[in-house]
Amino acid sequence: IGERAFQGCIALSEINIPKNVKTIGQYAFEKCDSLENASIAGDDVEIGFGALDFCKALKNLKIYGKNLRFGSYPLLECKALENIYVYDLQSWFESPIIPFISISKSMSFSWALTFPNIASSFKSFLN
């Protein structure tokens with residue numbers, strides 16, 4: 001998906017990035033004001049700087065793929081974000097996405113695989 005491909009698209013309410021997509025360009029979905037749900041299915045996806053910045057309605061992000069690489073500030077000012085579902089928890093911890101999310105007490109995180117030590121560390125990180 002090219003840089004700024006859908007930037008400012010106000011009609012877009014949901015995106016489902018399929019497994020065959022390997023690059024989401026910089027600012028690809030920035031300022032998509034109606035975007036509420038996003039999912040990324042592919043492995044080894046490069047997600048560009050600011051790809052989902054300022055998506056003020058984004059509530060749910062599902063990450064099914066492994067080894068995703070996020071550019072800086074991928075979710076800046078996504079203040080409606082309530083749920084992040086991560087299938088591959090190891091990739092989540094290796095990505096730089098966590099420092100760039102404004103974590104609120106009402107936000108929930110879930111993952112498909114349970115690793116007691118990692119899950120415990122993650123919960124400690126949120127508190």
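The values are calculated or read from the model by the stated rules, or taken from the named source; none is laboratory data. What you see is a predicted model; the values in this text were computed from it and never measured. For neighbour counting, all protein chains shown are included, and Cβ atoms are generated from backbone atoms with ideal geometry for every residue, glycine included. Note: accessible area is taken over every heavy atom of the protein model, side chains too, but ligands, DNA and RNA are not part of it. Shrake-Rupley method; radii C 1.70, N 1.55, O 1.52, S 1.80 Å.
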| remark: One finds, for E36 and S72 with R0 = 22 angstrom and r their Cβ-Cβ distance, a FRET efficiency to the nearest 0.05 of 0.40
| query | Rounded to the nearest whole Å², what accessible area per residue is found for the range 2-67 with the 1.4 Å probe? | reply | 49 Å²
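Using 0.36 nm per residue of separation minus the Cα-Cα distance, give me the extension gain between V21 and E3 in nm, one decimal. List each step's numbers first, then the result.
Working: separation 18, 0.36 × 18 = 6.48 nm, distance 1.35 nm.
Residue separation times 0.36 nm, minus the Cα-Cα distance, leaves 5.1 nm.
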| Eligible aspartates and glutamates near K62 by straight Cα distance, threshold 12 Å, same-chain separation 8 or greater | E14, E36, E82, D88
| note | In whole percent, the fraction of accessible protein surface over the range 28-83 that belongs to carbon or sulfur atoms, probe radius 1.4 Å, stands at 45 percent
